[in-house]
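Readers should treat all values here as calculations from the given coordinates under stated rules, not as data from a laboratory. Because the structure is a prediction, the values reported are computed rather than measured. Positions of Cβ are generated from backbone atoms using ideal geometry, with glycine treated the same way; all protein chains shown enter the neighbour counts.
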Amino acid sequence: MCGSVLGLRAQLGHCDRYLRKTPHKQFQEFQPQSLLYFKKRDFKYGKEQVQSMSHPQLEERSANGSKQGKNMDKILRGVVKYRQTVKKDLVAQFEEVRNNPKPTAVMFTCMDSRMLPTRFTQSKVGDMFVVRNAGNMIPEAPNYGFSSEVSVTTEPAALELAVKRGGINHIVVCGHSDCKAINTLYGLHQCPKNFDVSSPMDQWVRNNGYQSIKKLNERLHKGAAKMTFNCEMSPNQSFEAIIDPMDRLPVEDKLSQVNVLQQLVNIASHSFLSEHFEKKKLFVHGMWFDIYKGEVYIFSREKKRFIVIDDNSIDDLLKELSQYAPAEPNPPKDE
Ligand SMILES: [Zn+2]
């Protein structure tokens with residue numbers, strides 16, 4: 001049986017609680033890493049207790065390290081910190097879900113180091129699959145399997161694993177502001193001569209971001225008007241959207257939001273998901289994280305725009321979700 005809708009609703013509620021508890025300042029300025037002290041944190045139940053601890057041994061090792069070595073030192077010191085603080089609790093959580101993991105969603109998000117999806121949804125061990133890449137892009141179906149030169153990427157494979165084999169009912173695509181991949185895509189659009197054929201990054205964003213650029217052009221040409229996102233393979237997944245109705249976002253962030261919605265179309269292009277969409281067993285959601293404000297948004301199909309998840313919006317959003325994705329979808333047959 002699938003309790004996934006309830007699970008996703010719980011995660012939206014967690015977003016709301018995150019907004020009430022988490023200071024936004026940490027996204028605005030990074031604290032310099034001290035060699036004399038490090039912070040002991042307890043992430044249990046999403047709470048963070050911070051206290052300074054002296055660690056002369058680590059200080060000495062860092063002081064002797066090369067510049068490159070220090071970067072790796074940070075990771076190793078993190079492991080030591082993990083052992084001292086969260087390991088015991090985490091292992092207990094792994095044991096808890098060992099025989100009965102109940103992930104509620106698969107989230108596709110950006111590899112950006114500032115994106116902390118399990119933090120801003122307050123997800124626990126076993127709650128959510130996370131797939132990360134540059135620009136949270138999911139290649140559309142024609143990009144694999146239909147030509148003589150088959151090139152299967154991770155993302156469709158992850159979709160199949162999560163949905164067909166794992167019985168997941170919710171797919172979330174989460175983009176963010178100031179995204180380097182999206183900035184690259186926009187930069188190449190502005191100056192195509194900068195495209196480097198030998199650059200995997202340029203190839204990745206251009207191949208998978210082409211439709212997003214077309215949609216951005218439509219947005220810029222029409223202004224803040226309704227745009228249609230058509231899903232040919234699964235027409236019931238088509239939707240309308242108004243991107244940045246108040247025209248407050250820079251053009252790159254407009255593209256980032258367009259890109260999230262374009263991925264919902266790309267996901268629906270995969271024929272192996274058609275039956276799941278037709279039987280209303282699978283639901284896709286667009287989310288967006290404003291890094292410098294720490295705000296989390298979800299795309300409302302009803303309101304046709306991104307809505308910030310907070311105390312004021314949470315009830316309406318959950319109500320809409322319960323209508324769009326009923327709490328008891330048909331259980332998967334073959335999983
Ligand atoms: Zn990014």
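For this structure, a couple of remarks:
- The mean of 1/r over all distinct Cα pairs in region 132-253, once inverted, gives the Kirkwood hydrodynamic radius of 16.4 Å.
- Its residue count N fixes a reference of 2.2 N^0.38 Å for region 69-135, and the Cα radius of gyration divided by that reference is 1.31.
- By other beta-carbon atoms within 10 Å, ranking ASP316, ASP202 with the fewest at the front produces ASP316, ASP202.
- Sum of side-chain charges, ILE213 neighbourhood, beta-carbon under 11 Å (Lys, Arg +1; Asp, Glu -1): +3
- Derived scalar couplings between HN and Hα for region 154-170 equal 4, 5, x, 4, 5, 4, 5, 4, 6, 8, 6, 9, x, x, 6, 9, 10 Hz in order, rounded to whole Hz, by the Karplus curve 6.51 cos²θ - 1.76 cosθ + 1.60 (θ = phi - 60°), x for Gly and Pro.
- Size descriptors for region 186-335, from the alpha-carbon set: Rg then Dmax equal 17.0, 52 Å.
- In a simple Cβ point-charge model (Lys, Arg +1; Asp, Glu -1; nothing else charged), region 194-264 has a dipole of about 180 debye relative to its Cα centre.
- Listed values for region 254-268 are Karplus-derived 3J(HN,Hα) couplings in whole Hz (6.51 cos²θ - 1.76 cosθ + 1.60, θ = phi - 60°), namely 4, 4, 4, 5, 4, 4, 4, 5, 5, 5, 5, 5, 4, 4, 5, and x replaces Gly and Pro.
- By other beta-carbon atoms within 10 Å, ranking LEU317, LEU255 with the fewest at the front produces LEU317, LEU255.
- Cα centroid separation, region 256-287 to region 291-324 (Å): 18 Å
- Label positions at ASP311 and ARG132, each projected 7 Å from the Cα along the C-beta direction, are separated by 3.2 nm.
- Packing-based exposure ordering (other Cβ within 10 Å, fewest first) of SER238, SER274: SER238, SER274
- Hull-based mean projected area of region 65-224, where the convex hull spans the alpha carbons, in square nanometres: 14.2 nm²
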